[in-house]
Amino acid sequence: MDAEARSKMKILSPLRFIAMWGPGLLVMLADTDAGNVVTAAQGGAQWGYRLLPLLLLLIPLLYMVQELTVRLGIFTGRGHGELIREQFGVGWAMLSATGLVVATLGSLITEFTAVAGIGELYGLPRSLTLPLSTGALLMVVGTGSYRRVERTALVIGLFELAFFAVIWAAHPSLATLTKAATDLPVGNKDFMYLVAAIIGATFNPWMIFYQQSATVDKKLLPEDLKHARWDTGIGAALTQCLTAAVLIAAATVFGSGNIPASLSSVGEISKALTPLLGEQTGRLVFSVGVLGASLVAAIVSSLALAWGAGEVSGYRRSLEYRPFEAGWFYGIYAVGVVGAAALVWMVPDLIWLTVAAQVLNAFLMPLVIGLLVALAARALPEPCRLRGWYLRLMVAVAALVSALGIFGGIQTLL
């Protein structure tokens with residue numbers, strides 16, 4: 001290789017490194033959605049810092065799960081639903097798609113409820129904020145370019161960093177944080193229900209469908225695996241830290257035991273936390289963070305639904321086609337977005353669904369991760385296949401977390 005070629009490689013290498021980033025970071029920013037924020041705020045207000053260790057301990061498993069989607073996307077060139085159909089048949093593919101539909105609709109309703117709630121903080125009616133947000137989501141995806149959609153969503157998602165300003169203003173006590181880590185009321189049904197909600201909020205089925213299909217659409221190559229892993233790892237740590245910021249802020253505000261009767265909407269959470277930064281600044285910071293999280297989650301979950309539904313039905317997925325060239329893909333996306341927005345507009349009081357939707361994800365977790373692990377152990381090329389001690393470790397940790405989530409979820413039924 002001559003000097004000119006080596007010089008070009010040096011230039012292209014960092015550019016390609018930057019270009020590889022996106023799917024992992026974006027899906028993690030989407031994971032810090034309105035449902036996650038409400039769940040974390042409820043946990044902090046009711047139980048102080050006691051749920052913080054769980055949030056942070058879930059980071060390794062979150063990375064392990066999403067890293068498998070990267071491997072599968074790169075080395076098989078297939079989306080998640082498509083690969084399930086090829087490896088295990090139509091029945092399992094349809095079952096996985098059913099879970100995806102349920103999780104996505106719950107998530108979309110939560111996101112639009114949050115958008116409406118933020119608008120109402122500023123005196124804007126739902127009849128204005130819901131059509132505007134719906135139109136924006138349709139326009140972003142209607143460009144027919146994955147890279148354009150990804151970049152736009154990342155810019156929107158970065159507004160979530162505003163949550164760190166809230167925790168900075170909270171000044172939590174390190175001694176109290178440490179003490180809470182060993183004081184876990186595992187015998188309390190309400191505490192365990194929020195444990196299930198935290199687990200379900202962390203592991204959304206649409207995250208797996210999205211990242212694998214996005215990896216394929218982005219045309220990542222085997223040599224990009226290292227960069228994609230960094231993208232996913234940093235995203236996993238970031239999303240849990242953002243959620244922890246909300247939990248810590250709520251725990252600090254209500255640490256005296258003066259817990260409000262209701263803390264289940266973004267409006268109520270904003271009003272409760274704004275004293276930390278001042279009423280006007282606090283409301284703006286919190287609103288920007290929640291809007292960024294909700295819109296990114298709406299884009300990602302809707303795209304996951306469109307990709308997944310098409311794949312299990314035998315259609316190839318792509319954001320590189322214009323709307324009239326892939327009507328089924330854009331049609332599913334539009335129906336999901338418009339339908340959820342319309343439901344929130346017609347039925348204003350859907351706040352109760354926010355935490356319940358996260359708990360439902362915990363019940364779906366064994367199916368979702370089970371199929372993912374089975375694909376990684378079967379469909380990947382031999383050198384990249386999930387096997388040995390890493391396979392056993394992942395199965396054990398996933399089974400433990402799934403059991404904890406299901407146990408916590410059924411506590412209210414006992």
Would you say Ala34 is at pLDDT below 80 and hydrophobic (A, V, I, L, M, F, W, C)?
no
Matching residues in the stretch 55-78 - criterion: being farther than 20 Å from Lys226 by Cα and either in contact with a Leu (Cβ under 9 Å, 6 or more places away or on another chain) or not in a helix (DSSP H, G or I) (or both):
Leu55, Leu58
Matching residues in the stretch 252-284 - criterion: being assigned to a helix (DSSP H, G or I), crowded, with 20+ Cβ neighbours inside 10 Å and modelled with pLDDT under 75:
Val266, Gly267, Ile269, Ser270, Ala272, Leu273, Thr274, Leu276, Gly282
Might you let me know whether the stretch 110-127 holds any residue that is surrounded by fewer than 24 Cβ atoms within 10 Å (Cβ to Cβ) and under 19 Å from Val300 (Cα atoms)?
no
Test: residue in the stretch 227-244 that is in contact with a helix residue (DSSP H, G or I) (Cβ under 7 Å, 6 or more places away or on another chain), among the acidic types (Asp, Glu) and either assigned to a helix (DSSP H, G or I) or at pLDDT below 85 (or both)
yes
Being farther than 30 Å from Lys189 by Cβ and at pLDDT 90 or above narrows it down to one of Tyr321, Tyr333, Tyr390, so name that one.
Tyr390
Taking the stretch 119-154, which residues are β-branched (Val, Ile, Thr) and at pLDDT below 85?
Val140, Val141, Thr143, Val149, Thr152
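Listed here are the residues, each with its yes/no results for (1) surrounded by 24 or more Cβ atoms within 10 Å (Cβ to Cβ); (2) among the polar types (S, T, N, Q); (3) within 12 Å of Ile198 (Cα to Cα).
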site	(1), (2), (3)
Leu26	yes, no, no
Gly35	yes, no, yes
Leu51	yes, no, yes
Gly73	yes, no, no
Trp92	no, no, no
Is there a residue in the stretch 96-105 that is under 22 Å from Gln240 (Cβ atoms) and crowded, with 24+ Cβ neighbours inside 10 Å?
yes
Quick one: Met346 ticks every box in (1) closer than 16 Å to Leu100 by Cα; (2) modelled with pLDDT of 80 or more except a single one, so which number is it?
(1)
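The values are calculated or read from the model by the stated rules, or taken from the named source; none is laboratory data. In this text the structure is predicted, and so the values were computed from the model without any measurement. Every residue, glycine among them, receives a Cβ derived from its backbone with ideal geometry; neighbour counts consider all protein chains shown.
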